[in-house]
Amino acid sequence: MLDLKFVRKNPALVKADLIKRGDLTKVKWVDDLLEYDKNWRKLTLETNKLREMRNKITAEIARLKKENKDVTEKTKEAKEIPLKIKRLEQKVQDYRKTINHILLNLPNLMHESVPVGKDENDNVEIRRWGEIPKFDFKPKDHIDLALNLDLVDLERAARVAGARFYYLKGELVQLNYAIIKFALDFITRKEFALFQPPYMLKRKPLEGAVALSDFEDTIYKIEGEDLYMLATSEHALLALHMDETLDGKNLPLRYSGVSPCFRKEAGTHGRDTKGIFRVHQFEKVEQFVFCKPEDSWKGHEELITNAEEISQKLGLPYRIVNVCSGDLGTVAAKKYDLETWLPGQGKYREAASCSNCTSYQAIRSNIRYRDKSGEPSKFVHTINSTLVATERVLISVLENYQQRDGSILVPPVLVPYTGVEKIGQK
RNA sequence: GCCGGGGUAGCCAAGCCAGGUAAGGCGCCGGAUUUGAGAUCCGGUGGCCCUUUGGGCCUCAAGGGUUCGAAUCCCUUCCCCGGCGCCA
């Protein structure tokens, strides 16, 4: 979320950003926020004055008792204060809750390079890599390819778990783990520290990472417990340093998480319903960086470069788009999507996503750093990016490496991991 | 899941039984001293608010209660350690 002190000083800036996002209803919230903040500060001061008075009388009583003097008079005087404090405190808390609620629902400030636009159609392509493969036959989509080779079972998955679930089978399971291991080796060489995080998180750490609407739209809740299924290891890696003040000389902290990801995919009915493109669970290797504010934009470029390098090594053509203001999401200040070419669909589709969240997650999660002892702490910046989301990569490999006979060549860099050069050879 | 012991500042800890200004040590930062380093000495070392060379409030795992006053007493929850149980 935004820093209250920042909004206090720069309300016009915050409003202008909301207009750029096309989020006009929230513009008025900024004025409301300032009003609540004013009242909150006024009552906080009053409460503190009362506390001061109480503390003084209390100390007086302690002193008199030590001298064995009568305290009934003072005690009577003191008895009246706590009730007043309690009443005021309640109001202070109410204001604070309202303020926090507004802050939690205001989106991040965007970087100036974010294109203004309404939806994904306004995203701006900034570069392409790779030759779009030419086939001397009509390329199949990943569903036909996988079903023909008996590499997935979607019907039985639907019967036992529902739509958007799948059984991966045989060599596709091997390929899946080959990609994960390949990615882990890659990111280890880049000196990222590996983490396999908890696959469930409590509400509080999650609130530090995501927009509140995500709790309804994307995140699965465990019934009867304060636990939520992990939607991405990004959330668990952020939570790792919740409420901590990091030592500035250890920054940046470069982490990589590997985990399954569980998502409700609410509101996507009718889109990408077939196959394993949009599913309720998948595996992902993630990059996550805690850094100083002045380093986050450079870091953002580094993470997308890493994701691109993986696609290049796998030989998968892709393009990078700069996601526009209307499609950006609440927490990111800027986001690149990496879209790989899918011959079966004849278009580029999202395979990875790289966001600079600036201080937005750090403030929500209360993660600071300090350069020198005695200096005031500052909020860190956080950056996250997919390295590989395995199911999306599986689709891309299947479609780009398909052969006329329906078999699939294994990308050369994966052969050491799969032990075979071709999938589905009779 | 049951029984027992715990959670105090960046870290280690005293205080809790018996309510009355959060000891002490380490680390770190700054200063003094020194040719330099070390040793020594002095000061600092979380968050918030205000009329900001200053002042005040909050902070002893979290939340509530009792009290003029709670780290200390009572209740609830979370987490850690040990033992038992269960277990891939």
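The values are calculated or read from the model by the stated rules, or taken from the named source; none is laboratory data. Worth saying up front: this structure is predicted, and the values here are computed from it rather than measured. Here the Cβ is made from the backbone with ideal geometry for all residues, glycine too, and neighbour counts use every protein chain on show. SASA here: full protein model, heavy atoms, side chains in, ligands and nucleic acids out. Shrake-Rupley method; radii C 1.70, N 1.55, O 1.52, S 1.80 Å.
Taken together, A:Glu216, A:Glu225, A:Glu207 contain a single residue that is within 17 Å of the chain's Cα centre (by Cα), in the same structural domain as A:Ala332 (by TED's automatic domain parsing) and closer than 29 Å to A:Tyr167 by Cα, which is A:Glu216. If you filter segment A:1-40 down to residues that are β-branched (Val, Ile, Thr) and either within 13 Å of RNA strand B (Cβ to nearest atom) or open to solvent by 60 Å² or more (accessible area, probe 1.4 Å) (or both), you find that the one that is nearest to A:Leu83 (Cα to Cα) is A:Val7. One residue stands out in segment A:95-131 among those that are within 12 Å of RNA strand B (Cβ to nearest atom) and surrounded by 14 or more Cβ atoms within 10 Å (Cβ to Cβ): the one that is farthest from the chain's Cα centre (by Cα), namely A:Tyr95.
Per this entry, A:Ala351 is counted among residues that are more than 14 Å from the chain's Cα centre (by Cα) and buried (at least 24 other Cβ atoms within 10 Å of the Cβ). Take the residues in segment A:61-75 that are in a helix (DSSP H, G or I) and more than 8 Å from RNA strand B (Cβ to nearest atom); name whichever of them is most open to solvent (accessible area, probe 1.4 Å). Restricting to residues being in a helix (DSSP H, G or I) and more than 8 Å from RNA strand B (Cβ to nearest atom), the top hit is A:Glu73.
Evaluating A:Glu89 against the criteria (1) outside the structural domain of A:Lys26 (by TED's automatic domain parsing); (2) open to solvent by 40 Å² or more (accessible area, probe 1.4 Å); (3) free of Cβ contacts under 8 Å to residues at least 60 places away in the same chain leaves one unmet condition, (1). The single condition among (1) without any contact (Cβ under 8 Å) to a residue 60 or more places away in the chain; (2) within 30 Å of A:Asn105 (Cβ to Cβ); (3) over 27 Å from the mean Cα position of the chain (by Cα) that A:Pro82 does not meet is (2).
In the list A:Asp144, A:Asp136, which residue meets the criterion of being among the acidic types (Asp, Glu) and open to solvent by less than 90 Å² (accessible area, probe 1.4 Å)? None of the others qualify; the one that does is A:Asp144. For segment A:149-174, a tally of residues being of a type in the set (S, T, N, Q) and either outside the structural domain of A:Ile395 (by TED's automatic domain parsing) or more than 31 Å from the chain's Cα centre (by Cα) (or both) returns 0. Among the residues of segment A:220-255, the ones that are among the hydroxyl-bearing types (Ser, Thr, Tyr), open to solvent by 20 Å² or more (accessible area, probe 1.4 Å) and modelled with pLDDT of 90 or more come to 2 in all. Is it true that A:Leu43 is over 18 Å from A:Pro82 (Cβ atoms), among the hydrophobic types (A, V, I, L, M, F, W, C) and within 11 Å of RNA strand B (Cβ to nearest atom)? Judged against the criteria, A:Leu43 is not a match. One residue stands out among those in segment A:292-314 that are open to solvent by 70 Å² or more (accessible area, probe 1.4 Å) and farther than 29 Å from A:Pro412 by Cα: the one that is nearest to the chain's Cα centre (by Cα), which is A:Trp297.
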